[in-house]
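Quick notes on the structure that follows.
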Amino acid sequence: MTDINQINDGQTSKPHWSQEQCESNSLINQIIIEPDNTEQEIQSVMKLIHRINKENKHLRRLAACIESNSSAINSTFRYYKMRNILFSIITAGPSDHLIDYLIELDDLNDMLKYFKSLAVHDEEKYVIELYNIGRQKLIEESDDFIMKSTNSIPPQELLDLCRSISFTPIDTDDIQLSGLSGFRIIFDWFKEQGFQLGLIDSYATKRGMMVHKSLKLLAEHLRQKSVRRASINLLNVNSCSSSRRSSLSTDTIKEHVKIKINELGRRFVHSPVFGRRESLSKPTLLHLPKMNVHFDFLDVEHAPPPVSFTDNRETNNYKFLLDAFIILLLRDLDLLFYVFENEYKTMVLSKLMELPLTYILEEGQQLCEAIKQLPGKIDTGKLAFFGLFSIKNWFHKSESTLTKFYQESDVSSRYQFSGILLPIFEQSIIECFHLILYDVKNDSSALSEGGGVHPLTIHVFDFIEDLFDYEPMISTIQFTNIEEQKIATDTISLSINKSIFNLNEYIVNLIQSLRMNISHKLKTLIPDHDKTLQAIFLLNNINYFFKRLEHPSLLAIIEKHEPNLRSDLRNIIKISVKMYLKCYTPMITNIQQMFDYDDLHHLSDLQLREHDREQLKTSFSMVNAAIDTLRQQHLELTVDDVLLRDQLRTQSKRVILDKFQIFYTKFAHKHFTHNPDKYLRYNPSMLDNIIDAFFE
C-alpha cells in the first residue's frame with residue numbers, strides 16, 4: 001500500500017498521464033476497494049451465525065427442560081404406581097423370595113430419596129413407614145433363621161457329647177445351611193444400610209439363651225439323677241476361621257462342615273475322673289479378692305437354701321456344667337464362621353457368653369456357699385469339700401486349652417471365665433479351711449464312749465493326710481490379706497497383700513487347735529474326781545496323736561515347726577499312765593493296811609483272836625470290793641490301741657499282782673471265817689485273768 005500511495009503521489013505531481021496509466025490506476029483502485037467490502041460481508045455473516053447459535057442454545061435448553069419435565073412426570077407416575085405395588089409385597093414379608101425382597105427394599109429406598117429430593121413430605125413419611133415395615137419383616141425373618149439352628153440340646157445328648165471320644169459339635173443337618181445362608185444375606189444387607197449391630201445383638205442373645213437353657217436343663221437333670229462323670233481333657237481348640245466368606249454356596253459350606261467335623265472330633269479325649277484324687281492347695285486369712293466383673297453375681301443372702309449333700313456329687317455335676325459350657329462355646333465359635341465375618345466374631349461371642357456365663361457363676365457361688373455351710377467338712381462333708389479341689393484341678397488341666405480359646409476368640413478379660421471363676425473357688429477353699437479350723441477349736445461334741453479316741457481326733461488326722469494328696473494344688477492358691485494398721489490417733493491404713501496359702505502352718509495350727517479342744521473336753525466333760533477316765537481319755541488321744549505323727553510328710557512338718565511336740569506327747573503319756581495306775585490305790589492301800597496290822601499284831605496261823613478275825617474279814621471284803629470296782633470300771637473303759645492296751649495291763653500287773661499274791665498267800669489260809677466263799681472270792685490267778693480282760 002505504501003508503494004501504491006507513493007506512485008499515486010508521483011502521478012499527481014505530473015500533469016499529463018497516458019491512457020494506459022489511467023486504466024492501470026483504475027484497476028488498482030478496484031482491487032483496493034473489493035477486499036474492504038468482502039471483510040464487511042464476512043463480519044455480517046459471523047454476526048448472523050452468532051445469533052443463530054444463540055437461538056439454537058435457547059431452543060436446546062427449552063427442549064431439555066421439556067424432556068426433564070417429561071421424565072420427572074414419568075418418574076413421579078412410576079414411583080406412585082410402584083408405591084402401591086410395593087405395599088403388598090413389603091407387608092407380606094420375604095417368604096421364600098429373599099433376594100427379590102431385598103431388591104424391592106432397595107427400590108423403596110430409591111423412592112424415599114426421590115421424594116426427599118422433591119420435598120414431598122407426605123409421600124416421604126409414607127415411604128419411611130413402609131421401609132421400616134420391610135426392615136422389621138427382615139428382622140423377623142432373620143429371627144426365624146436363627147431359631148432354626150437354636151434349639152436347646154437335651155441333657156442326655158449333652159452328656160453324651162461330654163463323654164464322647166469322637167466329639168462332633170457341628171452337624172450339617174443341625175446348622176440348617178439354607179437358613180444360615182439366608183441369615184448371612186440379610187446380615188450383609190443390614191451391614192450395607194448400617195444397621196448390623198441390631199442383628200448381631202439379636203443373634204447373640206438368642207444363641208446365648210439357647211446355651212443357657214441347655215446348661216439349665218442339664219443341671220436339673222444331674223440333680224435328679226446320679227450320673228457318673230468322665231472328665232474331658234480339652235486338647236486343642238482349632239476353631240474355624242475365614243478371612244472373608246467369599247461364597248454362600250451350599251456345596252462349599254457342606255464341604256467345610258465335613259472338614260471341621262473331623263477337626264473338632266480330635267478336640268476331646270475320654271479320661272476317668274474317679275481314679276486317684278486330684279491335688280490342690282491351702283488357707284490363711286480370708287478376704288475375697290475384688291474382681292472388676294460386670295456380671296450380676298448371686299446375692300447369697302437372698303439365694304434359695306442350698307441343697308444338703310455330703311459327697312462330691314454336686315461338685316462333679318458342676319464339672320459337667322463346665323464341660324458342657326466349653327463344648328457349647330466351641331460349637332458356637334465354629335458356627336460363627338458360617339454366619340459372620342471375622343471382624344464381628346469377638347463381638348458376637350462376647351455378647352453370646354453373657355447369660356450362660358452369669359448362670360455358671362451363680363451356680364458356682366451357690367455350690368461354694370452350700371459347701372461352706374456343711375457342718376462336717378472334715379468328716380461327713382469331706383468329699384464335698386475336696387470336690388472344690390477337683391474343680392480347681394479342672395481349670396488347671398484345661399488351662400492351655402482355655403488360653404488358646406481366649407486367644408482365638410479374642411474375648412476380653414471380662415469374659416475369660418477361668419480368671420473369674422477360679423478365684424471364687426480358691427477363696428471358698430480358703431474360707432472352708434478357716435471354718436474347719438474354727439470348728440475344730442470349738443467342737444462341743446460328746447466324749448467318746450469309754451474315753452476312747454475321740455472322733456474329732458481321727459477326723460483331723462485323716463483330713464490332714466488327705467490334704468497331702470492335694471499339696472501341689474494347694475501351694476498354688478493365692479488369697480487376699482487385708483490388714484488394718486493404725487498410723488495415728490484417728491487414722492487407719494489398710495494394707496492389702498496377696499499371699500500364697502501355707503499348708504504347713506495350717507496343719508500345725510490345726511493340730512494345736514485339736515490339742516486345745518481335747519484339753520477342753522478333758523476339763524469340762526469328765527468330772528474332776530474321775531481321774532481314771534481322764535487318764536484313759538488322754539492316753540487314747542495322745543497316743544493316737546503320737547502314732548499319726550509318724551506319717552513322713554507330717555513328721556517333717558512337725559520337726560520343723562514344733563520340734564518339741566513329740567517329746568511333750570511322750571511326757572503326757574507317761575503322766576497319764578501314772579494317773580491311770582492310781583485306780584489300784586484303794587486295793588493297794590487295803591493290802592498295805594493288812595500288812596501293817598500283821599506286823600503290829602503278829603497274826604497266828606492257828607487260833608485267831610476275834611479282833612484279828614474281824615480285821616481279816618474287813619480286809620478281804622475291802623479287797624474284794626476294790627476288785628469289783630476295778631472290773632466294773634474297766635467294763636466302761638476303752639483302749640483302742642492294742643500295744644497301749646497290753647502296756648497298761650502289764651503295768652497294772654506289775655503294780656498290783658505281786659502285792660495281791662503275797663497278801664493272798666499270807667492271809668487266805670488263816671481260819672478267820674466259816675464262810676470262805678464270801679471273803680475269798682478272788683485269788684491271784686483270777687485277778688490275772690481279770691486284768692487280761694480289761695479294755696475289751
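Mind checking which residues of segment 92-101 are assigned to a helix (DSSP H, G or I) and over 23 Å from Lys125 (Cβ atoms)?
Filtering segment 92-101 down to residues assigned to a helix (DSSP H, G or I) leaves 92, 98-101.
If the condition is that a residue be assigned to a helix (DSSP H, G or I) and over 23 Å from Lys125 (Cβ atoms), then Leu98, Ile99, Asp100 are the ones that fit.
Among the residues in segment 636-648, are any β-branched (Val, Ile, Thr), part of a helix (DSSP H, G or I) and closer than 19 Å to Thr457 by Cβ? Give the derivation first.
Within segment 636-648, the first condition is being β-branched (Val, Ile, Thr), and the residues that meet it are 638-639, 642.
With the extra rule that they be part of a helix (DSSP H, G or I), the set shrinks to 642.
Restricting the remaining residues to those that are closer than 19 Å to Thr457 by Cβ gives 642.
For segment 636-648, residues β-branched (Val, Ile, Thr), part of a helix (DSSP H, G or I) and closer than 19 Å to Thr457 by Cβ: present.
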Inspect segment 429-441 for any residue being open to solvent by less than 60 Å² (accessible area, probe 1.4 Å), in contact with a Lys or Arg (Cβ under 9 Å, 6 or more places away or on another chain) and outside any helix (DSSP H, G or I) and give the result as yes or no.
-> no
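Limited to segment 573-612, what total is found for residues that are of a type in the set (Asp, Glu) and assigned to a loop (DSSP other than H, G, I, E, B)?
Within segment 573-612, the subset of a type in the set (Asp, Glu) is 596, 598-599, 605, 610, 612.
Within this subset, residues satisfying the condition of being assigned to a loop (DSSP other than H, G, I, E, B) are 605.
Adding up the residues that qualify gives 1.
May I ask you to verify whether Tyr318 is touching a helix residue (DSSP H, G or I) at 6+ places or on another chain (Cβ under 6 Å) and over 27 Å from Gly198 (Cα atoms)? Outline the logic, then answer.
Details: touching a helix residue (DSSP H, G or I) at 6+ places or on another chain (Cβ under 6 Å): yes; over 27 Å from Gly198 (Cα atoms): yes.
Yes: the conditions hold for Tyr318.
Residues checked against (1) among the hydroxyl-bearing types (Ser, Thr, Tyr); (2) open to solvent by 80 Å² or more (accessible area, probe 1.4 Å):
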{"residue": "Ser619", "(1), (2)": "yes, no"}
{"residue": "Leu630", "(1), (2)": "no, no"}
{"residue": "Asp641", "(1), (2)": "no, no"}
{"residue": "Lys653", "(1), (2)": "no, no"}
{"residue": "Ile656", "(1), (2)": "no, no"}
{"residue": "His671", "(1), (2)": "no, yes"}
{"residue": "His674", "(1), (2)": "no, yes"}
{"residue": "Asn683", "(1), (2)": "no, no"}
{"residue": "Asn689", "(1), (2)": "no, yes"}
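Quick check on segment 597-617: of everything there that is among the hydrophobic types (A, V, I, L, M, F, W, C) and open to solvent by 80 Å² or more (accessible area, probe 1.4 Å), which residue is farthest from Ala668 (Cα to Cα)?
Taking segment 597-617 and keeping what is among the hydrophobic types (A, V, I, L, M, F, W, C), we get 600, 603, 606, 608, 616.
Now narrow it down to the ones that are open to solvent by 80 Å² or more (accessible area, probe 1.4 Å): 600, 606.
Numbers: Leu600: 18, Leu606: 13 Å.
Taking the candidates together, the pick is Leu600.
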Restricting segment 353-395 to residues that are assigned to a helix (DSSP H, G or I) and of a type in the set (Asp, Glu), the residue that is farthest from Phe433 (Cα to Cα) | Glu354
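The values are calculated or read from the model by the stated rules, or taken from the named source; none is laboratory data. Keep in mind that this is a model prediction, so the values were computed, not measured. Here Cβ is always computed from backbone atoms with ideal geometry, including for glycine, and neighbour counts include all displayed protein chains. Side chains included, ligands, DNA and RNA excluded: accessible areas come from the protein's heavy atoms. Shrake-Rupley method; radii C 1.70, N 1.55, O 1.52, S 1.80 Å.
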